[in-house]
Amino acid sequence: VINHHLLFADLAIRESGMAALLPPVRVVVFAEAHSLNETGIQFLGQQLATGQLLDFARDLLGAGLQQARGLCDWTQLASGAEMAARQLRMAAGQVRGASRLRWTGEAPDGVEPGEWQASLARLHTALQDAAAALDTVSELAPDFVRLHERALALAARVQRFAAPCDVALVRWADVSQSLRLVESPLDIAETVRTRLLPAPDAVGRPRAWVFVSATLGDDERLRWFTEPCGLQQAEVLRIGSPFDYARQAALYVPSHIVRPNDPAHSADVARLAGDAAARLGGRTMVLTTALRALRSIGEALAERFPAGSGIEVLVQGQLPKRVLMDRFRAGNAGGRPGCVLVASASFWEGIDMPGEALQLVVIDKLPFPPPGDPLVEARCRRIESEGRSAFADYSVPEAAVALKQGAGRLIRRETDTGLLVICDTRLTQMGYGRRLLAALPPMRRLATAPDFDAALRALVEQGASEKGAACAG
């Protein structure tokens with residue numbers, strides 16, 4: 001059973017001629033396979049960050065002055081690399097906060113091409129000069145050999161970003177106080193077909209590959225997963241859940257919530273979540289699709305439940321993820337005051353809160369992929385060029401998988417019970433809503449606010465009954 005990152009690292013090392021990380025096996029099983037494509041493109045892409053360049057300049061200066069003082073002008077070489085890195089960042093322009101720039105021509109959007117290319121050329125020259133100097137002292141210490149390899153690798157990466165981008169790839173620049181250049185494939189299909197699947201086991205036999213997840217798509221052939229991973233010819237086996245969702249859980253889509261693009265939406269979500277959490281004594285997780293909503297809802301709930309109110313409000317970013325989860329579990333243990341957690345991003349999956357610790361999951365909006373993301377835009381353009389609908393064939397399947405991941409935080413074992421609230425009226429008012437609803441677990445539906453109120457009351461009574469039975473025992 002293989003870790004995705006380790007697999008792609010092993011693939012890269014094998015192809016470099018070095019010893020493999022992983023032993024030869026007959027069968028490979030990918031758990032949580034829905035993340036395979038995104039993990040793979042991280043390994044298959046290229047990145048160049050000013051932080052890498054500044055770290056190299058510092059290491060170059062330190063090793064040179066300590067182990068080869070006087071043999072080269074290490075101060076000038078390090079200063080040259082550092083200055084060139086800073087000039088490249090300045091060439092990207094002034095931005096407020098963080099910005100992601102599209103990059104389809106010679107330079108990222110809004111950046112003057114001539115200055116950009118000149119900055120890349122200066123950086124390449126500085127790295128080549130450093131590599132040449134390091135080559136003259138490489139026999140003195142292993143540090144110089146490693147620094148020489150780093151200099152050449154960074155120079156090659158700079159040269160790559162100075163050249164036109166291949167049509168099968170997409171580029172962008174993340175600009176903040178630092179600068180990060182990224183080049184990525186749109187998917188891992190070609191790599192899986194040509195480099196991964198053909199790899200034999202120790203005695204030359206074909207391997208068996210098994211890809212397992214609760215969220216691999218919402219259609220019969222699981223195209224959301226199989227197409228980007230190059231597995232269209234794979235055998236598909238769909239296995240039912242062991243959970244009785246109709247008995248254990250209910251879904252509520254509140255009709256009175258304002259539309260997702262309304263400025264009052266986050267306040268409405270916080271009000272609903274706060275009302276329910278007050279009745280449940282915490283036991284609530286609010287999942288947001290954006291950091292702005294995370295902050296707004298978190299602040300509103302913190303104002304509603306100040307210190308000493310009996311309910312603690314935890315917000316992603318306040319503490320490390322593991323600490324937040326431990327606090328949430330402890331806060332919702334029997335006899336404790338109770339906790340509400342507001343989170344985004346990584347909390348939509350991989351969170352296991354069985355039992356009464358979590359009985360209400362509130363999702364603020366349908367998790368469509370961000371339209372301004374360069375990778376999303378490039379994938380949509382490719383689908384449209386094939387005569388297909390990017391919205392129907394990419395955006396909706398992406399939302400369906402993410403929505404199912406978020407909903408999956410609620411029921412974790414056969415004895416769990418709880419409520420899922422999705423505060424997005426598009427789920428019931430738009431045509432694509434039926435497809436998204438069908439992708440969710442078959443929970444019973446709560447049509448009205450009184451129905452939701454009754455379901456909350458039942459959860460509260462069930463909790464009181466279980467506590468009474470435990471005390472009697």
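One residue stands out among those in the range 405-464 that are charged (D, E, K, R) and open to solvent by less than 20 Å² (accessible area, probe 1.4 Å): the one that is nearest to residue 254 (Cα to Cα), which is 424. The residue that is most open to solvent (accessible area, probe 1.4 Å), among those in the range 255-276 that are polar (S, T, N, Q) and within 26 Å of residue 370 (Cβ to Cβ), is 261. Pairs meeting the criteria (first residue in the range 301-315 and of a type in the set (D, E, K, R), second residue part of a helix (DSSP H, G or I), beta carbons under 6 Å, at least 6 apart or on different chains) are 304/274; 312/331.
For the range 220-249, a residue qualifies if it is of a type in the set (Asp, Glu) and either surrounded by fewer than 13 Cβ atoms within 10 Å (Cβ to Cβ) or without any contact (Cβ under 8 Å) to a residue 12 or more places away in the chain (or both), and the qualifying residues are 220, 235, 244. Scanning the range 186-217 for residues that are part of a strand (DSSP E or B) and β-branched (Val, Ile, Thr) yields a single hit, 210.
For the range 322-370, filtering for residues that are in contact with a Leu (Cβ under 8 Å, 6 or more places away or on another chain), of a type in the set (D, E, K, R) and in contact (Cβ under 8 Å) with a residue 24 or more places away in the chain leaves 1. Among the residues that make up the range 353-362, is at least one of them surrounded by fewer than 19 Cβ atoms within 10 Å (Cβ to Cβ), outside any loop (DSSP other than H, G, I, E, B), of a type outside the set (Phe, Trp, Tyr) and under 17 Å from the mean Cα position of the chain (by Cα)? No, the range 353-362 has no match at all.
Restricting to the range 277-305, what's the tally of residues that are polar (S, T, N, Q) and open to solvent by 40 Å² or more (accessible area, probe 1.4 Å)? The number of residues fulfilling the criteria is 2. For residue 132, state whether it is surrounded by 14 or more Cβ atoms within 10 Å (Cβ to Cβ), assigned to a helix (DSSP H, G or I), over 29 Å from the mean Cα position of the chain (by Cα) and at negative phi. No. Checking the range 168-185 against the condition returns no match, with no residue being of a type outside the set (Ser, Thr, Tyr), open to solvent by 30 Å² or more (accessible area, probe 1.4 Å), assigned to a helix (DSSP H, G or I) and in contact with a strand residue (DSSP E or B) (Cβ under 9 Å, 6 or more places away or on another chain). The helices (runs of 4 or more DSSP H) found entirely in the range 365-473 that carry 2 or more residues being aliphatic (A, V, I, L, M) are 374-385, 396-407, 433-439, 449-472. Would you check which residues across the range 187-219 are out of contact with any Cys (no Cβ under 8 Å at 6 or more places or on another chain), closer than 22 Å to residue 6 by Cα and surrounded by 18 or more Cβ atoms within 10 Å (Cβ to Cβ) and list them? Listed by number, the residues that qualify are 191, 196, 213, 215, 216. In the condition set (1) open to solvent by less than 60 Å² (accessible area, probe 1.4 Å); (2) without any contact (Cβ under 8 Å) to a residue 40 or more places away in the chain; (3) over 19 Å from residue 88 (Cα atoms); (4) outside any loop (DSSP other than H, G, I, E, B), residue 153 is compliant with all but (3). Based on this model, can you work out whether residue 52 counts as farther than 30 Å from residue 408 by Cα and either free of Cβ contacts under 8 Å to residues at least 24 places away in the same chain or buried (at least 19 other Cβ atoms within 10 Å of the Cβ) (or both)? The answer is no for residue 52. I'm checking my understanding of the structure. Among residues of the range 363-394 that are of a type in the set (Gly, Ala, Ser) and open to solvent by 20 Å² or more (accessible area, probe 1.4 Å), which one is nearest to the chain's Cα centre (by Cα)? If we take residues in the range 363-394 being of a type in the set (Gly, Ala, Ser) and open to solvent by 20 Å² or more (accessible area, probe 1.4 Å), then 372 is nearest to the chain's Cα centre (by Cα). Would you mind telling me which numbered condition in (1) touching a Pro at 6+ places or on another chain (Cβ under 7 Å); (2) at pLDDT below 95; (3) under 30 Å from residue 446 (Cα atoms) residue 272 fails? Here residue 272 clears every test but (2).
The values are calculated or read from the model by the stated rules, or taken from the named source; none is laboratory data. Nothing here was measured: the structure is a model prediction, and the numbers come from that model. In this analysis, Cβ positions are derived from the backbone assuming ideal geometry, glycine residues included, and neighbour counts consider all displayed protein chains. Ligands, DNA and RNA are excluded from the accessible area calculation, which covers all protein heavy atoms including side chains. Shrake-Rupley method; radii C 1.70, N 1.55, O 1.52, S 1.80 Å.
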